[in-house]
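Below is one structure, written out as structure tokens; comments come after it.
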Amino acid sequence: MNLKRSAAVAAIIALGAIPILTSSCHKDHNNPPATMTFYDTLGGTATVNDPAHPGTMIEKGRLGLRTVVDSAIFIIAGDKEINGYFTVLLSEVGQGNLSGFQALSKNLTDFLCVATGAKDFSYTGKNMTDAHNPAANSRISMKVAADDFDQFVVDVAASAKKNGLTDAMIARVGALLNSLKTTVVQQ
Ligand code: HEM
């Protein structure tokens, strides 16, 4: 086990602990706040212009997640620790073919929208076991190792930070991803 990477993931998730503990001290039990999903915290269903598709509106929560996903794919593509899993994607992009990137961006964004509580989207990609098993998904080069999973979380957290998510939000993303570790890591 690479202690440095697992410690980095633990630190990312711990960033959320202080605000969560603090906010729970001030609960008004007579007036509980309306339940907000994480998707709501990210901007929810309010629509804004989609900067990638002028003239089209997009939910703010989805735009926030898609922005983090797209920039995470770029960070991961340049991360020699884990970009060996993405050889199919990298070779396509190298040839100017963005179809696989667009499909991955959509699938990852849909997945995170659903996982964070969005109601207006559904995930239609492979389940997490098949998506990360080369026997079921020819787009992944090999089964994921635990250390590499941790590095993936570090890269997604870096993308979230770059795109202005607060430490508490980054911790929630980290915890959400980490909850899927035993399914994604299959070796
Ligand atoms: C909780 C963490 C993760 C989530 C939620 C996740 C989610 C996904 C999703 C939704 C897909 C698309 C499935 C489809 O096309 O039907 C995918 C594909 C893939 N994932 Fe993950 N993944 C995670 C972790 C990882 C890690 C740690 C690695 C490797 C280090 C990895 C490598 C890949 C690769 C190589 C593909 C195929 C990409 C392509 O289509 O070109 N994933 N993942």
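Read-outs: derived from the displayed coordinates by stated rules, not from any lab. Just so it is clear, the model here is predicted, and its values are computed rather than measured. So basically every Cβ, Gly included, is an ideal-geometry build from the backbone, and we count neighbours across all protein chains shown.
Only one of these is more than 9 Å from the ligand (Cβ to nearest atom), of a type in the set (Gly, Ala, Ser) and part of a loop (DSSP other than H, G, I, E, B): SER159, SER141, SER122, SER105. Name it. Give the derivation first.
Values: SER159 fails: part of a loop (DSSP other than H, G, I, E, B); SER141 fails: more than 9 Å from the ligand (Cβ to nearest atom); SER105 fails: part of a loop (DSSP other than H, G, I, E, B).
Testing whether each residue is more than 9 Å from the ligand (Cβ to nearest atom), of a type in the set (Gly, Ala, Ser) and part of a loop (DSSP other than H, G, I, E, B) leaves just SER122.
Taking segment 125-138 as the range and being closer than 30 Å to MET36 by Cα, part of a loop (DSSP other than H, G, I, E, B) and more than 8 Å from the ligand (Cβ to nearest atom) as the test, only ASN127 passes. Checked against the criterion of being buried (at least 16 other Cβ atoms within 10 Å of the Cβ), out of contact with any Pro (no Cβ under 7 Å at 6 or more places or on another chain) and more than 24 Å from GLU59 (Cβ to Cβ), the candidates PHE111, PHE149, PHE101, PHE121 yield just one match: PHE149. Contact annotation: residue pairs with Cβ atoms under 9 Å, 6 or more positions apart or on different chains, pairing a residue in segment 160-187 that is closer than 22 Å to ALA136 by Cα with a partner that is of a type in the set (Gly, Ala, Ser) and outside any helix (DSSP H, G or I), are VAL185/ALA145; GLN187/ALA145. When ASP79 is tested against (1) out of contact with any strand residue (DSSP E or B) (no Cβ under 7 Å at 6 or more places or on another chain); (2) more than 8 Å from the ligand (Cβ to nearest atom); (3) assigned to a helix (DSSP H, G or I), just one condition goes unmet, and that condition is (3). The residue that is farthest from the chain's Cα centre (by Cα), counting only those in segment 84-102 that are within 9 Å of the ligand (Cβ to nearest atom) and without any contact (Cβ under 8 Å) to a residue 40 or more places away in the chain, is GLU92.
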